[in-house]
1. For the chain, with a Gaussian network of springs between Cα atoms less than 10 Å apart, report the residue from G96, G34, G59 with the top mean-square fluctuation.
2. What residues have an amide H closer than 5 Å to that of I112, excluding those fewer than 5 places away on the same chain, when H is modeled at 1.01 Å from N in the peptide plane?
3. Ranking K88, K79 by Cβ neighbours within 10 Å, fewest first, what do you get?
4. Pull up all non-local amide H partners of I118: gap of 5 or more, or a different chain, and H-to-H distance under 5 Å with H placed in the peptide plane.
5. So what is the calculated 222 nm ellipticity per residue for the chain, using -39500 (n - 2.57) for each DSSP H run with n of 4 or more, over all residues, to the nearest 500 deg cm²/dmol?
6. If R0 is 22 Å, what FRET efficiency do you get for E25 and C58 from their C-beta distance, rounded to 0.05?
7. Pop out the ³J(HN,Hα) list for the range 85-98 in order, Karplus 6.51 cos²θ - 1.76 cosθ + 1.60 with θ = phi - 60°, rounded to Hz; leave Gly and Pro as x.
8. For the range 125-140, just list the computed ³J(HN,Hα) in residue order, Karplus coefficients 6.51, -1.76 and 1.60, θ = phi - 60°, integers in Hz, with x standing in for Gly and Pro.
Amino acid sequence: MKKFLNDKFTSWENLYQTTKKLVDEKNFSPFIQGGVVAAAVVTEEDNVYYGINIDSACGWGVCAERNAIFNMFTNGENKIKKVLAVDKNGVLMPCGVCREALMQLDEKSGDIDVLININPLKTIKLKELLSKWWAYDWFKNSRQ
């Protein structure tokens, strides 16, 4: 599977502008909508994977960040260094479920940079958002 809109231009401004273009509310059926939120993840290999949110009448759905993560998994990667989410009004913070998913990817996931503002540019480390994360020791214990 090809990487959707993969590019090597991983500055925050380029990521923001490209991801913002994906925000386009769509009805996929009378029951499934998406595209209100778009997200990008940048891997350690400097590949970029994108995703949009999907919502449905029966309650299943996925946030844009996790959709981007799934796209990354599909392409054989699992280490992220940057993440951002946007809607039509600008930058969004990842929800709690997405923060947890990001944190569980790798022992060093706490060092993922999360965009919290584009102008002026402001980022935060994931570990600052989950400073008392419940499973830090699990990675250590899994190596023993």
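Please treat every number below as a calculation from the coordinates, not as lab data. Everything quoted here is computed from the prediction, not taken from an experiment. Please note: Cβ atoms are built from the backbone with ideal geometry, for glycine as well, and neighbour counts cover all protein chains shown.
1. Among G96, G34, G59, the largest mean-square fluctuation in the Gaussian network model of the chain belongs to G59.
2. L126, K127
3. Details: K88 11, K79 15.
So the ranking, lowest neighbour count to highest, is K88, K79.
4. Residues meeting the criterion, in which the H sits 1.01 Å from N, are V91.
5. Details: 5 runs with 40 residues, N = 144.
My calculation for the chain gives -7500 deg cm²/dmol from helical runs alone.
6. Details: r = 19 Å, r/R0 = 0.87.
E(calc), rounded to 0.05, equals 0.70.
7. 9, 9, 10, 5, 9, x, 6, 10, 7, x, 6, x, 5, 5
8. Calculated HN-Hα couplings, in order: 6, 4, 5, 6, 7, 10, 5, 10, 4, 6, 10, 3, 6, 4, 5, 4 Hz.
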